[in-house]
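*Asks:* Handing you a structure now.
The values are calculated or read from the model by the stated rules, or taken from the named source; none is laboratory data. This one's a predicted model, so the numbers in the text were calculated from it and none came from an experiment. Here the Cβ positions follow ideal geometry from the backbone for every residue, glycine too, while neighbour counts run over all protein chains shown. In case anyone asks, the SASA skips ligands and DNA or RNA and just uses the protein heavy atoms, side chains included. Shrake-Rupley method; radii C 1.70, N 1.55, O 1.52, S 1.80 Å.
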Amino acid sequence: MPDSPEAPRFLKACRREATDVTPIWLMRQAGRYMADYRELRSRVSFLELCKTPDLATEVTVTAAERLGVDAAILFADILLILEPIGLDLEFAKGEGPVIHNPITESSDVDRLRPMTSAEPLGYVMQAVSQIRAALPPSIPLIGFAGAPFTLACYAIEGGGSRHYDRAKAFMYRDPGAWDVLMRQLTDATALYLRAQAEAGAQVLQLFDSWVGNLSPFDYKRFVQPHMRRLFDALPADVPTIHFGTGTATLLEAQRDAGGSVIGLDWRVELDEAWNRLGPEVAIQGNLDPVVLLAPIDEIRRQARRILDQAAGRPGHIFNLGHGILPSTPVDHVRALVEIVHEGR
Ligand code: CP3
């Protein structure tokens, strides 16, 4: 859709074109803070939900419509891709994700199955096409995947972690095996994201949620070349969002790896970060998700501050600096959407 005046404002902002008002969507906009979602989850496990396209469609579309946001994000999870490559994934109650057969030795990398087709994740592509058909044309659909470093952290740690010490120790101990692992994850992710775009995803976001644990030196050695290869393997006409948290010292290196839009968390000032990155990228962010637990006046003050920092430059997509917390009141999220649409 080249530059037609009717192009959805979210797509225009991804291309750094001027918009009537600032577009907004929220990471984890479908989830446990919503009563309908909790009700559905009392009957269906999280993995079953992800693997049932009708339900994933319902959850995605309901959240986008309820909130009045400018984009919908596919309901799925970054860890689903680990199953077809041979890792045994479970979402244990109250514990978050667990991988029962994590990679511990260098030789474990050899037992991973290279992904030769996106077919084992066909249920995701089915959901993408159903969601695209169910959404109004004014609401673009975002597809997504985990970035290789964040996926490697889960694959090696076997779950969440505080210091990512096992993953990082693996990287330092055997850079050769690390490289093989990262290449394999990169190839699988590129295949998966291309399939999502073919099925109807109009923008692709890469979640490198845990990359902020690396020094800039290590990022450039162990991650950046893979990210560059990944972005280069994505369709050139589909905008991409490159997101991480704790990335204040990595932003330029992330930009150099790729992405039409750089996602910021709340630990950086949006204007300073954008000035550093320059006018060639769009910016997504960056309200602290915890601000949504504050009174509406505080939400308004902080949202307007971010809009002031963007100062009407084309290419700002309003979002949180990380996902919505389960304790967030839905009314506050709707209020935020209205505040951002009202403008400064
Ligand atoms: O944003 C959306 O609304 C789309 C769906 C989405 C989910 N996970 C659904 C989900 C997206 C984009 C993700 C990405 C994801 N998953 C990330 C990257 C973003 C981030 O938060 O940093 C990560 C690290 C994961 C891995 C993951 N999945 C964790 C650590 C957890 C457990 C923590 C938690 O919040 O429960 C999940 C589970 C998960 N993924 C839920 C949802 C709605 C909750 C599952 C439930 O219903 O219990």
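*Asks:* With a probe of 1.4 Å, find how much accessible area region 1-50 has per residue, and write the answer as a whole number in Å².
*Replies:* 52 Å²
*Asks:* Under a cut-off of 16 Å between alpha-carbon atoms, report the aspartates and glutamates in cross-link reach of residue 12, not counting same-chain residues fewer than 8 places apart.
*Replies:* Answer for residue 12, where 16 Å is the Cα cut-off: 3, 20, 70, 237, 280, listed by chain and number.
*Asks:* Taking 1 over the mean of 1/r across every pair of different Cα atoms in region 1-64, what Kirkwood radius in Å do you get?
*Replies:* Taking every pair of different Cα atoms in region 1-64, averaging 1/r and inverting gives 13.9 Å.
*Asks:* Once each part is reduced to its C-alpha centroid, what is the distance from region 247-326 to region 118-181 in angstrom?
*Replies:* Between the Cα centres of region 247-326 and region 118-181 lies a distance of 22 Å.
*Asks:* Something else about it: For residue 146, list long-range residues whose amide hydrogen, built 1.01 Å from N in the peptide plane, is under 5 Å from its own amide hydrogen.
*Replies:* Long-range HN contacts for residue 146: 207.
*Asks:* Sort out for me the Cα centre separation of region 222-246 from region 52-67, rounded to whole Å.
*Replies:* Result: 27 Å between the Cα centres.
*Asks:* Please find the FRET efficiency linking residue 17 to residue 304, where r is the Cβ-Cβ separation and R0 is fixed at 25 Å, and quote it to the nearest 0.05.
*Replies:* 0.65
*Asks:* Which value results when the Cα radius of gyration for region 66-131 is divided by 2.2 N^0.38 Å?
*Replies:* 1.42
*Asks:* Here's another thing I want to ask about it. Could you give the alpha-carbon Rg of the chain over 2.2 N^0.38 Å, rounded to two decimals?
*Replies:* Scaled against compact globular proteins, the figure is 0.94.
*Asks:* How big is the antiparallel share of DSSP beta bridges in the chain, given as a percent to the nearest 5?
*Replies:* Here the share of antiparallel DSSP bridges comes out near 15 percent.
*Asks:* Oh, and also: Run down the lysines and flag those whose C-alpha is under 28 Å from the C-alpha of residue 168, throwing out any fewer than 8 positions away in its chain.
*Replies:* Leaving aside lysines fewer than 8 places away in the same chain, those within reach of residue 168 are 93, 220.
*Asks:* When you count, for each residue, the other Cβ atoms within 10 Å and take the mean per peptide, how do 318-326, 203-211, 17-25 rank with the highest first?
*Replies:* 203-211, 318-326, 17-25
*Asks:* On the accessible surface of the chain, probed at 1.4 Å, how many percent belong to carbon and sulfur atoms?
*Replies:* Carbon-and-sulfur percentage of accessible area, whole number: 50.
*Asks:* Something else: Compute, for the chain, the length of the dipole vector about the Cα centre, with Cβ point charges of +1 (Lys, Arg) and -1 (Asp, Glu) only. Units Debye, rounded to 20.
*Replies:* So the dipole magnitude of the chain works out to roughly 300 debye.
*Asks:* Using protein chains only and a probe of 1.4 angstrom, how many square angstrom of residue 220 are accessible, to the nearest 10?
*Replies:* Approximately 110 Å² of residue 220 is accessible to the 1.4 Å probe.
*Asks:* Binned at 10 Å from 0, what are the whole-percent values of the Cα-Cα distance distribution for region 200-344, short to long?
*Replies:* Answer for region 200-344: a P(r) of 11, 40, 34, 14, 1 percent.
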